[in-house]
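Every number here is computed from the coordinates shown, using simple stated rules; none is lab data. Because the structure is predicted, anything quoted here is derived from the model rather than measured. Please note: Cβ atoms are built from the backbone with ideal geometry, for glycine as well, and neighbour counts cover all protein chains shown.
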Amino acid sequence: MIARAEGFEPRTVLARITSPRMVGIVGIALGVIAFWLALPPVTVRSAPAPIALGILAVAAGIWAFARGERHVGGGAAVAGVVGIVGALVTMQSTTANLKDVFVWSALAAATLRYATPLTFAAIGGMFSERSGVVNIGLEGMMLMGAFFGAWGADKTGSWVGGLAFGIAAGGALALVHAVFSIHLRADQIVSGTAVNFLALGITGYIYNDVYGNNGTPNDLPAIPDVNIGFLDSIPPHALGNFLDGAFGSLNLMIWIALALLPVSYVVMFRTAVGLRIRSVGEHPRAADTVGISVYGTRYAAVTLSGMLAAMGGVFLSLGFVNSFTENMTAGRGFIALAALIFGGWRPFGAFAACVLFGFSSALAQRLPDLSTSESAAWPVLFQTLPYVLTLIAVAGIIGRSIPPAAVGRPYKKQ
Amino acid sequence: MTEASKPPPPASSPETIPSVAARLAFYQRAGGVITPLLTAVVAFFIAGLVILVTTHKNPLSTYRAIFDGTGLNWFFHVGSHSIGLPFSDSRVWFPWDTGSAAAMNLQQTLIVVTPLILTGLAVAFAFRCGLFNIGGNGQYTVGAVVAVQFGIWFAGLPGPLHVLLAMAAATVAGAMWAGIAGLLKATVGAHEVITTIMLNWIALWIASYLVGFGGPMQDPRQISAPVTRQIAESAKLKIFWGNALLQGLHIGIVIAIFALFVYWIVLNRTTLGYEVKAVGFNPEAARYGGISVARNYFLAMAISGAFAGLAGAIDILGWEFNLDLTEVQSVQIGFIGIAVALLGRNTAVGVFLSAILFGALLTGTSTRNLDPTIFKPELAGNLTRIIQGLVVLFVGADLIILYLWQARRKLPFARKADQR
């Protein structure tokens, strides 16, 4: 009762506003605003305002961090730095160019396009890692999906065939990883690295053998877009326009990826199957004792992860660029792994990271394309954002990501 | 299982997983030099099947064509030739023709072997400390960028000094780049595999920015090409075999072999090497013995990065002389270094031999050296990747060796031999 009475005193209200947590949250907001100021429609063209806001954000972050709010405080400090850098980089571009680039609906659609392959692979990685098997091989499994998707679509004449081919190839490669890391108890990272080499070699070999210098045919059956007609009639007009531009004609695979999120969440955290996977990844000995097949569960999880990663690859070749080129995944499997860690081995967390990474890819891709200014090289640096953020995440500055307890440890039956 | 009958070693609980270094030490005992040879043979055999199935040609003749392109056949053409003595104009008798086509191919192979030795050492040194350095690519890139910049600056310096300065700067840069991962591992326990992969991409994009269109290092005289300026003549490594205009062999190979000696001495004859290996075998035991695990993690990563950074510098100063965007974005040498280190069992001699194997494969399957009517170079290049993958895959699976080893022990004569 006394505590409640005290709550009304002005001093405690002040204490609540100046609590480390609140200060940290304000810091994050300041960092975001610092960046936002430089973007349309505000488009501030002078450096001092974003820098001042960014520094304030960093200061607030450090203050909160020092008082025990590691998540929020670290987040504010990072937001401040990213805000300053982002604003300064954006100012290198002309106002007209920025107006072209920051058509928010188109940017949202592009972000989703870039995020989708990452999402598939990250969700796949979640199944594998939650079951206790590190999957560095996601990159290779994606690449298998990308090539065999294109090849299968070419052979069968339909994208459904391509999807099936791609998923089968990704699953097969994952099975190799599974055999070596589960039964043969190889070092899972070495095995994953090997699988990446293999995928690069196998896809490159068959691609050159079948298609050679001509490349994949131009008339590869593409995965269709889903056109939603009624979106632009949603009032108010601006919102309808935005929704139509962002979601009106997304590829089918993007919707599948979005649908996969709640499905994988429910499977992993609300069903007996998910409980089994997680228990095998947290404490295999205990799981084995109560009669769960550790090897069986891990085999299933790793194979599933390969199939999901391959779906991301199929989207790349049949839904995104409609052709295959050697090593076209270009490290997306590793980014997906980063997103998984960044998102704390959870579907929605990983998706949020994928969207963030997709956004920076979309920005880096769009800014130089339309830019006419001298310093067109700057936007390339946006490409580093996902990796820097992941480094920060694994370093534990924005709260430590805690992996499944038994991840990376081969299990030996007794 | 025979393991069930034996009592478990008291020091480790059944859940304890041996570190990578401990496993690799096990290979040495289990198979010595036989297992890496067997691994390579099996990998080449499977790759041979791939050739047979896809091209319907004799794998042996295909391998022969690749081999002829590597220049290693040079050693088999013994005759009566002469060689110039260093620092003089006199010539003496020599069994091999130093000016033949095979000699030129051999020079190309050795140019590729040089950075492979160094990136192999980069992976191997970290391995000995129980760390998996996947960041060779990034450390190589950082080294290459710094070497280009230092090669352009200080153009007035005398040759050897300029070369040493550029190499030292690149080595330090590589060490610092890997040191970030080492520091994160040592202080907050961030897994080095994740951090080095991230650092690879950060290095790639920063280098792409520096070298690319409008970047600060792009050659201002070639606005249309994403390429840096050439390094100064004084920064170029001396060519000691072959024609300088036809990319003769530079002294980088000597530096790489020297690095092999340094690697061996540091690991086997210094306190640092002892501590690094102790941490690699068992960090807990090392800590109990008074060794700072964190310090050794950092040092091992930094030294490992130094090797990779030096590799980047030698490629720039030895034959590339500048850096372009495509090169930056297609660096693979750090990854091949993983295969080199694993196949070489992280020993100096092993790294040397497997670097020659992979370097020869890369040269022998290049467009310039492989006859396309026998085997298309694009296919052969990818076959090399498959072989790398198989090698890494089999090396990683020590249980195969374990089964073989135990099967051997069950044989009566082997048991007798063990008892002696």
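Observations on the structure shown:
- Listed residues B:VAL142, B:VAL193, B:VAL50, most fluctuating in chain B (Gaussian network, C-alpha, under 10 Å): B:VAL50
- Point-to-point label distance, B:GLN329-B:PHE261, nm (Cα→Cβ direction, 7 Å offset): 4.2 nm
- Length available on full extension from A:VAL42 to A:ALA172: 0.36 nm per residue minus the Cα-Cα distance, which gives 41.7 nm.
- Max mean-square fluctuation residue, GNM over chain B, Cα-Cα springs under 10 Å, options B:PHE335, B:PHE258, B:PHE358: B:PHE258
- With only the Cα atoms considered, segment A:103-376 has a convex hull volume of 146 Å³ per residue.
- Other residues within the sphere of radius under 13 Å centred on the Cβ of A:TYR211, judged by their own Cβ, net out at -2 (K and R +1, D and E -1).
- Of all the options B:ALA102, B:ALA170, B:ALA178, the one that moves most in a Gaussian network model of chain B with Cα springs shorter than 10 angstrom is B:ALA102.
- Quarter the surface of the alpha carbon convex hull of segment A:16-91 and you get the mean projected area, 4.3 square nanometres.
- Potential extension, A:SER293-A:SER158 segment - 0.36 nm per residue separation minus Cα distance: 44.8 nm
- Pairs beyond 28 Å (Cα-Cα), from B:LYS236/B:LYS277; A:LYS155/B:LYS376; B:LYS236/B:LYS376: B:LYS236/B:LYS277; B:LYS236/B:LYS376
- Nitroxide proxy distance, nm - points 7 Å out along Cα→Cβ at A:ALA29 and A:SER249: 3.9 nm
- With a cut-off of 13 Å between beta carbons, the residues surrounding A:ALA350 carry a summed charge of +1, where Lys and Arg count +1 and Asp and Glu -1.
- For the protein assembly as shown, with +1 on Lys and Arg beta carbons and -1 on Asp and Glu, the positive-most of A:VAL176, A:GLN365, A:GLY240 along the dipole: A:VAL176
- Computed from point charges on the beta carbon alone (+1 for Lys and Arg, -1 for Asp and Glu), the dipole magnitude for the protein assembly as shown about its Cα centre is near 2620 Debye.
- In this calculation the C-beta distance from A:ASN213 to B:ASP371 is compared with R0 = 25 Å, giving a FRET efficiency of 0.90.
- From the alpha carbon centroid of segment A:231-253 to that of segment B:268-313 is 56 Å.
- The ratio of the alpha-carbon radius of gyration of the protein assembly as shown to the globular-protein estimate 2.2 N^0.38 Å is 0.99.
- For chain B, Kirkwood radius (reciprocal of mean inverse C-alpha pair distance, Å): 23.0 Å
- With a simple spin-label model that places each label point 7 Å from the Cα along the Cα-to-Cβ direction, the separation between B:VAL53 and B:SER80 comes to 5.3 nm.
- Residue-count net charge about B:THR326 - beta-carbon cut-off 14 Å; Lys, Arg +1, Asp, Glu -1: -4
- Sum of -39500 (n - 2.57) over DSSP H runs of 4+, divided by residues of chain A (222 nm, nearest 500): -22500 deg cm²/dmol
- Placed amide H near B:VAL227: partners under 5 Å, 5+ positions off or other chain: B:ASP219
- Within chain A, the selection of entire DSSP H helices by a Cα span of 18 Å or greater along the long axis and an average Kyte-Doolittle value of at least -0.5 returns A:20-37, A:48-66, A:70-91, A:104-130, A:138-156, A:159-178, A:188-210, A:252-270, A:294-314, A:347-370.
- Compared with the direct C-alpha span, the chain from A:VAL273 to A:ALA59 gains 72.5 nm at full extension, assuming 0.36 nm per residue.
- FRET efficiency, 1/(1 + (r/R0)^6) with R0 22 Å, evaluated for A:ASN327 and B:ASP219 via beta carbons: 0.20
- Membrane-span-like helices in chain B, defined here as complete DSSP H runs extending at least 30 Å along the helix axis by their C-alpha atoms with mean Kyte-Doolittle hydropathy no lower than -1.0, are B:34-55, B:101-128, B:159-188, B:293-315; this is a sequence and geometry rule, not a statement about a membrane.
- A Förster distance of 35 Å, applied to the separation of the beta-carbon atoms of B:VAL92 and B:GLN247, puts the FRET efficiency at 0.85.
- Rounded to the nearest 500, the 222 nm mean residue ellipticity of chain B from helices alone is -21500 deg cm²/dmol, with -39,500 (n - 2.57) taken per DSSP H run of at least 4 residues.
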